[in-house]
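Enquirer: The structure follows.
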Amino acid sequence: MLKMTGLAKVYLTSDVKTQALQPFNLSIEQGEFVAVIGPSGSGKTTFLNIAGLLENHSEGVYELDGKDVSTLSDKHKSAYRNEKIGFVFQSFNLIPELNLYDNIDMPLRYRKFTAKERDERIMKALEQVGLAGRKNHYPTQLSGGQQQRVAIARAIAGSPSVIFADEPTGNLDSKMAQGIMSLLQDINASGTSIIMVTHDNEQAQQAQRIVQIKDGVLSEDAPILAQAIA
Amino acid sequence: MKDLAPIIKTLLKAKASPFLLILQIAITFMVMVNAVNMLSERSKNMARPIGVDETNSFYIQTNLQGESNALGARLDEDLVRLRALPSVQGVTPMSAIPLEAWGRATLINKEPAKVFEYGAYFAVDESVVEVLGLNLIAGENLSVEDVYTLPMDGIDLSTNILITKAVAQSLSPDDWQQAVGMTVYLSNDKPQQVKGVVETMQGPWPLWYGVEFNVISPLREAYNEVRYFVRAKPGLRDEAMEQVLEALLKTPGRMIEKAKTIETLKFEAYQSDRATSKLLIGVCLGLLIVTGLGIYGQARFSVNRRKRQIGTRRALGASKGQVMRFFMLENAVVSLTGLVIGFIAALSLSEQFSQHFGLTPVPLPYLLSGMAALFVLGQLSVSYPALQASRVEPAIATRSA
C-alpha cells in the first residue's frame, strides 16, 4: 500500500543545508498499524508530512497504492489526500465556527458525493465515535477527548486507505487517551491502515510495528523503546 | 459554490467582523450612488444651454446720468453709439442678465390673482431675439411698435410678450404652441399677450427650479442703472468689449459697474457647483479607497488568523484553487449582503433627497452599476489575501499550536 524507496528530506536555505531525514526504505501493507517513535526534533513530523503528502520529499520514490506520487501536481495531491488519506492531529484542528456535522462534512464537500451520501457518511462516522447525538454541538462545547473523536470521525468519513495520526493523544489525559487508542484499534480492525506518531511507549506497544526515527535516521529495529523516547 | 453553506454558517457565527464590513460596504454604496447621481445632475445643469450666443456675447452694467425724464434720451444715445461700433453686431438694454443671480421674479398666472407658475421677468427692447441669439420657435418676434420706454417697473404695463418654451408647455401642456395668443397675468395682474415663444433663455438664478420659466417684455427701463447686452461680430468679442467700454467712458461721470463675458458669467454661476462636485468626487474616492483597504485588511487579517485552519483544509483535500475560491466566495457573500442593504438604504436616501431637495431619484442603472463596481472592488481587494491563503502549506496543520 505504501512503499518508500531511498526517500530523503533536505531543507535548504541560502547558506544552510539540513538533512532532516536520511535516505530510507519502508513498506507498509494495507491494514497495518504502525507506530513511529523518536525524540523531539528527530524527524517524526517530517516523515508524517511526507507520507501524508503534506510536504514533498527531496530524493527517492514514494508509491501510494501502487502509484508514484512524487510528481503529482498540487491538485492531484490534494485529491489523493482527500480520497485516500485521513488525518488526526494532536490539536484536533477542528473549525470552531462549524458544528460537528459541518466539520466532518468539510472534506467530503471536496468530493463528488451527493448530499444524501454525505449525510449517511457523516452520521455513520459520528455513530462510530459515539457522538451522533451531539452533531449540532460546536467544538468548544466538547471535551478534548470528544474533540479528538470528532477529528477521527472526520478522518474516517471519507473511507481512506490510511490514517495518519500525529500524536493523537498528546493533548489528552490517560483515560481519554486510552479511549482514543481503542477507537483507532477498532478502525484498524476494519482494514484501514494506521500510521501513528507518538511519544508514548505504551501506546506504541499497541501497534503491530514500531518504526524509530533518531537524528533523521529511520530504522525498524527498536530494542529498547524507553531509550528512544525522550 | 460547495463552500457556500459553510461560509454562511461561519459568518453567522462570527457576526461582529463581517457585520462591520457589511455595514461599511452598505454605507459606501449608499453614499456613492447618491453622490454620483448628484454629480450627474450638476453636470447636466452646467451643460444646459443658456439660450444665448455664449461665445460672442458680454454685458456691461453702467449708469445713466441726468433727470429721470432725460434718461430715455441718454439710453438712446448709448445704444446709437454702441450699435455703430464696427465690432458690435447688436446691443439691447436688459433689466437682468441670464445667470447673473440678480433679477426680478414674477408670477405667471392664467387668471388674475390665481397663482399658476413662477418665473423671471426680463425688460428688453425689440432687438432681443437677434442680439441674444434666441431661437424663436412659435408666434412672432417683438417689433418696434411693441416697445415702451419707462423709468422702471415696466411690469405694470400691458404689453405683448415673448415667453420661453418651458412657460408655453406649462400654460398649454397638450400643445405648447397654443400658448401663442394667450393672455397671462404677471405679478401685478395686468394682462400680457403672448406674441411669440423662444426655445430657451435661462433666468437669473441657475439653481432655481424656475430657471427655464421666463417672460420677455418689450420695455426699455431707462433708470439710473442699466445693463447692456452686447453681441459682438463672430470672433471679435474681446475687441468689441474694449471698444464698448471706451465708447461708454467718453461720457463724463460714467461708471462701469460690471463688464463680463457670458462665458465668464456662466463659469462663475456654477463655481459653487464645481466645488461641490470636486468635494463629492473626493468623498467618493476616499470612501472607495477606505472600503477597498477595509476589505483587504479584513481579508489579510482573516488569512493570518486562520493559517492553521487553511492548512487543515489543505491537508484534508482542498487544492490551492479551492482555498482561493473559498476566500473570494466569502468576500462575495459579505459584499453582496452589504450591497443589498446598501441598495435599500440608497433608495431610501434618494427618496429623501428627492422629497426635500428636489433631486432626481437615483436611476436603476446607477444602482446596478454601483453594485457591480463595488462587487468588483471587493473581489480585487480580496484577491491578493486569497492568493496568499492558497499558498499556505498543508504541512502547517501538523505544527504545534
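Enquirer: Can you say whether A:Ala204 is aliphatic (A, V, I, L, M), assigned to a helix (DSSP H, G or I), open to solvent by less than 10 Å² (accessible area, probe 1.4 Å) and free of Cβ contacts under 8 Å to residues at least 40 places away in the same chain, as far as the supplied structure shows?
Expert: no
Enquirer: Among the residues of the range B:295-322, write down those that are more than 14 Å from chain A (Cβ to nearest Cβ) and either among the basic types (Lys, Arg) or closer than 16 Å to B:Glu393 by Cα (or both).
Expert: Within the range B:295-322, B:Arg300, B:Val303, B:Asn304 qualify.
Enquirer: Sticking with this one: May I ask you to verify whether B:Thr28 is within 24 Å of B:Val128 (Cβ to Cβ), of a type in the set (Ser, Thr, Tyr) and touching a residue at least 12 places away in the same chain (Cβ under 8 Å)?
Expert: No.
Enquirer: On the given criteria, is A:Asn49 without any contact (Cβ under 8 Å) to a residue 12 or more places away in the chain and open to solvent by less than 40 Å² (accessible area, probe 1.4 Å)?
Expert: Criteria met by A:Asn49.
Enquirer: Please work out if B:Ala346 is within 30 Å of A:Arg154 (Cβ to Cβ), buried (at least 18 other Cβ atoms within 10 Å of the Cβ) and modelled with pLDDT of 90 or more.
Expert: No, not satisfied.
Enquirer: Something else: Can you find even one residue in the range A:75-85 that is more than 16 Å from A:Phe24 (Cβ to Cβ), open to solvent by 60 Å² or more (accessible area, probe 1.4 Å) and of a type in the set (Ser, Thr, Tyr)?
Expert: No; the residues of the range A:75-85 include none that is more than 16 Å from A:Phe24 (Cβ to Cβ), open to solvent by 60 Å² or more (accessible area, probe 1.4 Å) and of a type in the set (Ser, Thr, Tyr).
Enquirer: I'd like the full set of residues that are in a loop (DSSP other than H, G, I, E, B), within 14 Å of chain A (Cβ to nearest Cβ) and in contact with a helix residue (DSSP H, G or I) (Cβ under 8 Å, 6 or more places away or on another chain), limited to the range B:344-401.
Expert: B:Arg391, B:Val392, B:Glu393, B:Arg399, B:Ala401
Enquirer: Now a separate question. Is it the case, given these coordinates, that B:Arg81 is over 16 Å from B:Phe213 (Cβ atoms) and basic (Lys, Arg)?
Expert: So B:Arg81 fits the description; yes.
Enquirer: List the number of the failed condition for A:Lys44; all other conditions in (1) within 29 Å of A:Ser190 (Cβ to Cβ); (2) touching a Ser or Thr at 6+ places or on another chain (Cβ under 8 Å) hold.
Expert: The number of the failed condition is (2).
Enquirer: Of A:Ala125, A:Ala153, A:Ala132, A:Ala115, which residue is within 14 Å of the chain's Cα centre (by Cα) and either open to solvent by 30 Å² or more (accessible area, probe 1.4 Å) or more than 9 Å from chain B (Cβ to nearest Cβ) (or both)?
Expert: Answer to the check: A:Ala153.
Enquirer: So the check is Cβ under 8 Å with 6+ separation or different chains; which pairs have a first residue in the range A:97-111 that's more than 7 Å from chain B (Cβ to nearest Cβ) and a second one that's assigned to a loop (DSSP other than H, G, I, E, B) and of a type in the set (D, E, K, R)?
Expert: Short answer, once both residue conditions are applied: A:Asn99/A:Lys135; A:Leu100/A:Lys135; A:Tyr101/A:Lys135.
Table: residues versus (1) among the small types (Gly, Ala, Ser); (2) under 30 Å from A:Glu120 (Cβ atoms); (3) at pLDDT below 95; (4) not in a loop (DSSP other than H, G, I, E, B).
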{"site": "A:Gly170", "(1), (2), (3), (4)": "yes, no, yes, no"}
{"site": "A:Gly179", "(1), (2), (3), (4)": "yes, yes, yes, yes"}
{"site": "A:Ser182", "(1), (2), (3), (4)": "yes, yes, yes, yes"}
{"site": "A:Asp186", "(1), (2), (3), (4)": "no, yes, yes, yes"}
{"site": "A:Asp221", "(1), (2), (3), (4)": "no, no, yes, no"}
{"site": "A:Ala226", "(1), (2), (3), (4)": "yes, no, yes, yes"}
{"site": "A:Ala230", "(1), (2), (3), (4)": "yes, no, yes, no"}
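Enquirer: Moving on. I want to confirm something. Restricting to the range A:44-87 and keeping residues that are over 12 Å from the mean Cα position of the chain (by Cα) and aliphatic (A, V, I, L, M), which single residue is farthest from the other protein chains (Cβ to nearest Cβ)?
Expert: A:Val61
Enquirer: Also: Could you identify the single residue in B:Ile22, B:Ile27 that is open to solvent by 50 Å² or more (accessible area, probe 1.4 Å) and on the phi < 0 side of the Ramachandran plot?
Expert: The conditions single out B:Ile27.
Enquirer: Given B:Leu245, B:Leu288, B:Leu265, which one is part of a helix (DSSP H, G or I), open to solvent by less than 70 Å² (accessible area, probe 1.4 Å) and farther than 30 Å from B:Ser40 by Cβ?
Expert: B:Leu245
Enquirer: Against the condition assigned to a helix (DSSP H, G or I), open to solvent by 70 Å² or more (accessible area, probe 1.4 Å) and within 14 Å of chain A (Cβ to nearest Cβ), how does B:Arg325 come out, does it pass?
Expert: Against the criterion (assigned to a helix (DSSP H, G or I), open to solvent by 70 Å² or more (accessible area, probe 1.4 Å) and within 14 Å of chain A (Cβ to nearest Cβ)), B:Arg325 qualifies.
Enquirer: List the pairs whose first member sits in the range B:326-355 and is of a type in the set (D, E, K, R), whose second member is in a helix (DSSP H, G or I), and whose Cβ atoms are under 6 Å apart, counting only residues at least 6 apart or on separate chains?
Expert: These pairs meet every condition: B:Glu330/B:Ile7.
Enquirer: Which condition number in (1) closer than 22 Å to A:Gln212 by Cα; (2) open to solvent by less than 30 Å² (accessible area, probe 1.4 Å); (3) outside any loop (DSSP other than H, G, I, E, B) is the one that A:Asn25 fails?
Expert: (2)
Here is a yes/no grid of residues against (1) modelled with pLDDT of 95 or more; (2) closer than 23 Å to B:Asp153 by Cα:
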{"site": "B:Ile163", "(1), (2)": "yes, yes"}
{"site": "B:Val180", "(1), (2)": "yes, no"}
{"site": "B:Asp189", "(1), (2)": "no, yes"}
{"site": "B:Val194", "(1), (2)": "yes, yes"}
{"site": "B:Met201", "(1), (2)": "yes, yes"}
{"site": "B:Pro204", "(1), (2)": "yes, yes"}
{"site": "B:Tyr209", "(1), (2)": "no, no"}
{"site": "B:Arg220", "(1), (2)": "no, yes"}
{"site": "B:Tyr223", "(1), (2)": "no, yes"}
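Enquirer: In addition: Which residue pairs have Cβ atoms under 6 Å apart, sit 6 or more places apart or on different chains, and have a first residue in the range B:181-202 that is closer than 12 Å to B:Val167 by Cα and outside the structural domain of B:Asn160 (by TED's automatic domain parsing) and a second that is exposed (fewer than 14 other Cβ atoms within 10 Å of the Cβ) and of a type in the set (A, V, I, L, M)?
Expert: none
Residue-by-condition table, conditions (1) assigned to a strand (DSSP E or B); (2) under 30 Å from A:Ser143 (Cβ atoms):
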{"position": "A:Gly6", "(1), (2)": "yes, no"}
{"position": "A:Val10", "(1), (2)": "yes, no"}
{"position": "A:Ser14", "(1), (2)": "no, no"}
{"position": "A:Ala20", "(1), (2)": "yes, no"}
{"position": "A:Asn49", "(1), (2)": "no, yes"}
{"position": "A:Leu54", "(1), (2)": "no, yes"}
{"position": "A:His76", "(1), (2)": "no, no"}
{"position": "A:Leu94", "(1), (2)": "no, yes"}
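Enquirer: Which condition number in (1) modelled with pLDDT under 95; (2) open to solvent by less than 60 Å² (accessible area, probe 1.4 Å); (3) over 30 Å from B:Ala332 (Cβ atoms) is the one that B:Gln271 fails?
Expert: B:Gln271 satisfies every listed condition except (2).
Enquirer: Being surrounded by 15 or more Cβ atoms within 10 Å (Cβ to Cβ) and not aromatic (Phe, Trp, Tyr) is the filter here; which residues of the range B:225-242 pass it?
Expert: B:Val226, B:Arg227, B:Val230, B:Arg231, B:Ala232, B:Lys233, B:Leu236, B:Arg237, B:Glu239, B:Ala240, B:Met241
Enquirer: Here's something else I'd like to know. Name every residue in the range A:156-182 that is more than 14 Å from chain B (Cβ to nearest Cβ) and open to solvent by less than 10 Å² (accessible area, probe 1.4 Å), in order of residue number.
Expert: Across the range A:156-182, the qualifying residues are A:Ala177, A:Ile180, A:Met181.
The values are calculated or read from the model by the stated rules, or taken from the named source; none is laboratory data. Note that this is a predicted model, so its numbers are computed, not measured. Here Cβ is always computed from backbone atoms with ideal geometry, including for glycine, and neighbour counts include all displayed protein chains. When the accessible area is computed, the model is the full protein with side chains, heavy atoms only, and any ligands, DNA or RNA have been set aside. Shrake-Rupley method; radii C 1.70, N 1.55, O 1.52, S 1.80 Å.
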